[in-house]
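Heads up, the thing below is written out as structure tokens.
Any read-out appearing in this document is the output of simple, stated calculations on the displayed coordinates, not a laboratory observation. Quick caveat, the model's predicted, so the values are computed rather than measured. Don't worry about glycine lacking a Cβ; one is built from the backbone with ideal geometry, like all the others, and counts go over all protein chains shown.
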Amino acid sequence: MLCITWLSPAACKDDPVSCRLWAEPQANGFYMNGDFVIGGTFAIHYYMRSEQNIIMNFRELRFARAMEFTIHEINNRNDLLPGIRIGYQIHDSCSEVPMGLKLAFQFANGMKPFFNDSDSCSKSAAAAVPALVGDSHSTPSISMARMLGLFGIPQVSPYATCACLSDKRQYPAFLRTIPSDHNQAAALAKAVKYFGWTWIGAVRSDTDYGNYGMASFLKAAQEEGICVEYSESYYRTQPRSKLERVANVIRRSTARVIVAFVHEGEMRFLLEELTRQPPPPLQWIGSEAWIIDPEFLRFNMCAGAIGFGIPRSVIPGLREFLLDLSPAQALKSPLLTEFWESSFSCSLNGSSEGARECDGSDDIRALQNPYTDTSQLRVTNMVYKATYAIAHAIHGVICNDTQCDKNIKFESCNYTYLVVNDLDFLKNIFKYAYISKQQLIIVPRSVCSESCPPGTRKAVQKGKPVCCYDCIPCAEGEISNKTDSLNCLRCPPEFWPNAQRDSCLPKPVEFLSWDDNLSIVLTVFSISGAFIAVCVIVVFYKHRASPIVRANNSELSFLLLFSLTLCFLCSLTFIGQPSEWSCMLRHTAFGITFVLCISCVLGKTIVVLMAFRATLPGSNAMKWFGPPQQRLSVLMFTLIQVLICVLWLTTSPPLPLKNLKQYKERIILECGLGSAIGFWAVLGYIGFLALLCFILAFLARKLPDNFNEAKFITFSMLIFCAVWVTFIPAYVSSPGKFTVAVEIFAILSSSFSLILCIFAPKCFVILFRPEQNTKKHLMSKVPSKSFRRALAGLLLFLLAQRWR
């Protein structure tokens, strides 16, 4: 036998052929001899330092006795290990690492106090047990697996779920009949996510089971977008102050869901502490260590707790085996003696002071505790399968088709391989398990921040987890159409968010339409202006032989009235949806008709000046500006504008475009200028002619009152120039459809100024003062000789032209 640390080093040194155990071996809890003795360890007791007492776990006692039952069942079978008797050594590990290590050494070395093999201290002999079942908890299993792996002794645990034990390099001889916590942790994270709980608390046992399991869960939770407000640990041997601190953290937290990766022992003490001062309603998410334990039904705050547990099962005959216990049988085992005395509060052998003597009237079948409860055989079934797995592995090594040889010596690694192949039950998966038979209670919400509705985005709060955020409305022009959007999306150029900013709607297209109130008003004025011009034409034509019509250059007057009619009507081309033809027509028609109009006014002004100059001695100015020259001047001035318009239309004509820059929330459908130079050249040329006309009219303003048409022209040109000078800043700054309205207003204003200032006084005389429409009246009231000569010369010239 190999000398190890719990053998006396001095004994091996002084007597190399006689090794002596240094400490007393752990007494068997349950023992039966056999051809092959299988070991077993269960946490039948656990120590609670804060309470200064040792507590017996009746549930673990049931696990140990289930191993007994299974071995008896195997020995009674003819198809499994026929002729072979299986024995057992079942010990209490107390869920403590030192005890687990001691038992591992004991299973490796045996229980004899002296070893007299000449090779015992230098060469390994057969182990005391070929395999063992246990331990129920991960931390003792880890310490035992490290030691047993050195000796190649298989260890099959029914309940140690730590994912770390799956590492075959560290634990080559460890196997189990329950899935690892890696799968459970991922499933718990998905369950929490499924219910929409993104803000949770976490508590764990401060053990390998709790720490490794919670680490796996937190990693999976982070991948699912779940945030953890706190993560607290506790172990039952820690001071009570630590337990109180954990309970206070739970009471003060805002998370209404708690994930507990906790052993049943720590969970029991935590719930008892919380019961002293109950927190707000909580939703518990449990690991398999406590979620399937019926004992927790007595805690109301656990009603509706959910988690993943081992499937239920039925083991025929187990209940009868467990209940086939009398006081006399209980005295044969210290563990059963303690169970009996604890269950019935009596003393079997008089060892308990102050307790009554057990009189034999106690009925074990009337007990209701975890030992007798076989309604949900979950972990118990894992013990059952672990024991059978070892039996099948031994059978595969020592038995052939006909018989089994109990004398066969086999290496541990051989049946270790067979155990792995025989554990088909490892395919079991976790299923939903509810700790309460009541209706499932689910906390409606457990989030750090409420979900951000569409139209907002999440902005993480500084210094807090990603689940704590503010809902920021999407910026102008952006939307979010999903709940809890991380970013807002910008709408396409021709779309704009709705009021809720959760969808993009087509921007309204704006232009000066015909049904717009402003368009209707402008149309009325435009048609009215054209109608007035036509009426003046009719009046002038009807009275074309009258002195006032003849004296005012009737040819240019009729041409001026015609051009004013076109000016009024061309404003209508600016109304309606812009099209390719309307855009080109509106600017060119406006430019040409206005130049025609101003050219006629300019011609009338020049005629007045030339007539005045013609009355001076020796002057022959009028022969240079007769009717042919007047027609030619109007044609030349107009052709220049036509040429400018043709160049504009051929190089870069005005075309309809969608203005997306002026307003963010709507589209302005307008006529683009094309070439800005062409547009301002058209306006500049009109302005030049108007300014020239204004200057010439101003120079002729001192003619006699009865024939001072230059005064009216001066006033009309003053209004005309003022309108178009103010038009420029108004046009540039006007928004949307009002840009077009400003242009129409300028056209109508300047046109009305011309027709009212030049023709209204004449029409008034013709229609309402016919006595003044005479040659005598036009020749009267001349204030000076020079004016008389000028007026006489002008009248003679004009009358000669019209009455010949």
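When Met111, Met301, Met67 are arranged by Cβ crowding within 10 Å, least crowded first, meaning fewest neighbours, the order is Met111, Met301, Met67. Is segment 464-538 best put as rounded, prolate or oblate by its Cα gyration tensor, with a ≥ b ≥ c the root eigenvalues, rounded for a/c under 1.5, and otherwise prolate when a/b is larger than b/c, oblate when not? Judged from the Cα gyration tensor, segment 464-538 comes out prolate (a/c at least 1.5, a/b above b/c). Mean separation of Cα pairs under 8 Å and 6 or more residues apart, divided by the residue count, gives segment 181-309 a relative contact order of 26 percent. Glu665 sits among other residues whose Cβ lies under 9 Å from its own Cβ, and their net charge, with Lys and Arg +1 and Asp and Glu -1, is +2. Using a cut-off of 26 Å between Cα atoms, the listed pairs Lys190/Lys242; Lys458/Lys658; Lys102/Lys406; Lys190/Lys464; Lys219/Lys464; Lys604/Lys762 include Lys190/Lys242; Lys458/Lys658; Lys102/Lys406 as exceeding that distance.
Rounded, prolate or oblate, given the Cα gyration tensor of segment 203-244, with a/c below 1.5 counting as rounded? Judged from the Cα gyration tensor, segment 203-244 comes out oblate (a/c at least 1.5, b/c at or above a/b). Rounded, prolate or oblate: which fits segment 181-309, taking a ≥ b ≥ c as square roots of the Cα gyration tensor eigenvalues, rounded meaning a/c under 1.5, else prolate when a/b beats b/c? Rounded, since a/c falls under 1.5. Rounded to 0.05, the FRET efficiency of the Glu476 and Trp680 pair, given R0 = 41 Å and the Cβ-Cβ distance, is 0.75. Each of Tyr384, Leu367, Gly396 was placed along the dipole of segment 359-406 (beta-carbon charges, centred on the mean Cα), and the one lying farthest toward the positive end is Gly396. Of the residues Ser503, Gln461, Cys474, the one whose Cα sits farthest towards the positive end of the charge dipole of segment 456-506 is Gln461 (charges of +1 on Lys and Arg Cβ, -1 on Asp and Glu Cβ, taken about the Cα centre). Of the peptides 511-521, 487-497, the order by per-residue mean of other Cβ atoms within 10 Å, starting with the highest, comes out as 487-497, 511-521.
Here the residues Met147, Met636, Met32, Met382, ranked from fewest to most Cβ neighbours within 10 Å of their Cβ, fall in the order Met636, Met32, Met147, Met382. Applying a DSSP loop filter and a limit of 13 other Cβ atoms within 10 Å to the trypsin sites (Lys or Arg not before Pro) in segment 320-376 leaves Lys332.
A straight chain from Tyr541 to Phe764 at 0.36 nm per residue would run longer than the Cα-Cα distance by 78.8 nm. The peptide list 235-242, 574-581, put in order of mean Cβ contacts within 10 Å with the highest first, becomes 574-581, 235-242. Near Glu478, once Lys and Arg are set to +1 and Asp and Glu to -1 for all other residues with Cβ below 9 Å from its Cβ, the sum equals +2. Dipole size of segment 456-506 about its Cα centre, with +1 on Lys/Arg Cβ and -1 on Asp/Glu Cβ: approximately 280 debye, rounded to the nearest 20.
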